[in-house]
Amino acid sequence: MSNNAHKLTLPDNQRQALVNAIVLISREEVERITGMSRAWIYQAMSENRFPRPVICSVGSRRWLLSEIQMWVLEKINERDMLATSRA
């Protein structure tokens, strides 16, 4: 396999937009954003209820900010749907 096998073949402007949108965050930042504990995060991941991290290197895991934000938005939507069904 060549060294270029993993490279995206996108126009430069699309590639740049994609790169600008990718932000990796630490577990501590995930905890701060969600208000959830480390134990809860790992339990929810094991149950496929929470986004999984990207393994950057041995012992280094980072989450995509966009996936964490989407998870939070889903929780807000669930809350709003529940409130609407009770009304």
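The values are calculated or read from the model by the stated rules, or taken from the named source; none is laboratory data. None of the values given here were measured: they were computed from a predicted structure. Glycine also receives a Cβ, built like all others from the backbone with ideal geometry; neighbour counts cover every protein chain displayed.
Tabulated data
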quantity: Selection within region 45-61 - touching a residue at least 24 places away in the same chain (Cβ under 8 Å) and β-branched (Val, Ile, Thr); calculated: Val54
quantity: Candidates Gln43, Gln69 - the one that is of a type in the set (S, T, N, Q), more than 27 Å from Val19 (Cα to Cα) and surrounded by 10 or more Cβ atoms within 10 Å (Cβ to Cβ); calculated: Gln43
quantity: Number of the condition not met by Arg52 [criteria: (1) in a helix (DSSP H, G or I); (2) out of contact with any strand residue (DSSP E or B) (no Cβ under 7 Å at 6 or more places or on another chain)]; calculated: (1)
quantity: Total residues in region 30-40, condition free of Cβ contacts under 8 Å to residues at least 24 places away in the same chain and surrounded by 10 or more Cβ atoms within 10 Å (Cβ to Cβ); calculated: 6
quantity: When residues of region 72-87 are limited to those that are of a type in the set (A, V, I, L, M), over 26 Å from Asn20 (Cβ atoms) and part of a helix (DSSP H, G or I), the one modelled with the lowest pLDDT; calculated: Ala83
quantity: Test for Gln14: is it in a helix (DSSP H, G or I), at pLDDT 95 or above, out of contact with any strand residue (DSSP E or B) (no Cβ under 9 Å at 6 or more places or on another chain) and not aromatic (Phe, Trp, Tyr); calculated: no
